[in-house]
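The values are calculated or read from the model by the stated rules, or taken from the named source; none is laboratory data. The model shown is predicted, which means the values in this text are computed figures rather than measured ones. Backbone-built Cβ (ideal geometry, glycine too); neighbour counts: all protein chains shown. Only protein heavy atoms, including side chains, enter the accessible area calculation; ligands, DNA and RNA are left aside. Shrake-Rupley method; radii C 1.70, N 1.55, O 1.52, S 1.80 Å.
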Amino acid sequence: AFLLNRSSDLEIVDTIDNNAFEKCNQLSTIQLPTSLKVLGERCFSGCPISDVKLPESLEVVGHSCFSGCQLTNIIVPKRVKSVDDRAFSCETLTFVTILGDPSSWEGWYVFGNNENLQINVAHKLSNGKLFRDYGNRIIQP
């Protein structure tokens, strides 16, 4: 996908493009750079990633970004303003924490259709339609 000469090169990466690592069967762990702002569409879709820490700098998560991954828990940082359809659609996902306000998110089924999923939001939801299909699985202040 891209060649890095030094580990410090990762700190200048602010975008991972669409489909960058899609279906990379051997990609089970990732460490995202602290400078990252945008995760493109399907950039890690279909990878066997089971754990990822999203950086505080992240603002955009594209369509199906982690779809089909093996994530069980995800913390969405406060600065994230845009999350697209099925961004975190993982059958294994059971717990989500949203630190910011997801009212500007445009995606449908952002977390897929997992019946075992629990969503913890730090702010009272103002956009009821966004999470309507998750019903009582949402914990909010």
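Condition check ((1) part of a loop (DSSP other than H, G, I, E, B); (2) under 13 Å from the mean Cα position of the chain (by Cα); (3) buried (at least 16 other Cβ atoms within 10 Å of the Cβ); (4) not hydrophobic (A, V, I, L, M, F, W, C)) across all residues:
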residue	(1), (2), (3), (4)
A20	yes, no, yes, no
N25	yes, no, no, yes
G46	yes, no, yes, yes
G68	yes, yes, yes, yes
Quick count over segment 88-104, residues being acidic (D, E) and either under 13 Å from H123 (Cβ atoms) or open to solvent by less than 10 Å² (accessible area, probe 1.4 Å) (or both), is 1
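Take the residues of segment 73-87 that are within 15 Å of F44 (Cα to Cα) and in a loop (DSSP other than H, G, I, E, B): which is least open to solvent (accessible area, probe 1.4 Å)? Step through it out loud before you land on a result.
Here is the first cut: in segment 73-87, the residues within 15 Å of F44 (Cα to Cα) are 74, 83-87.
Retained after the next criterion (residues that are in a loop (DSSP other than H, G, I, E, B)): 84-87.
Working: D84: 54, D85: 46, R86: 96, A87: 0 Å².
Once the filter is applied, the top-ranked residue is A87.
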Some residue of segment 108-127 being out of contact with any Lys or Arg (no Cβ under 6 Å at 6 or more places or on another chain), part of a helix (DSSP H, G or I), open to solvent by less than 10 Å² (accessible area, probe 1.4 Å) and more than 25 Å from V13 (Cα to Cα):
no
Could you say whether any residue in segment 41-48 is modelled with pLDDT under 95, farther than 23 Å from L99 by Cβ and basic (K, R)?
no
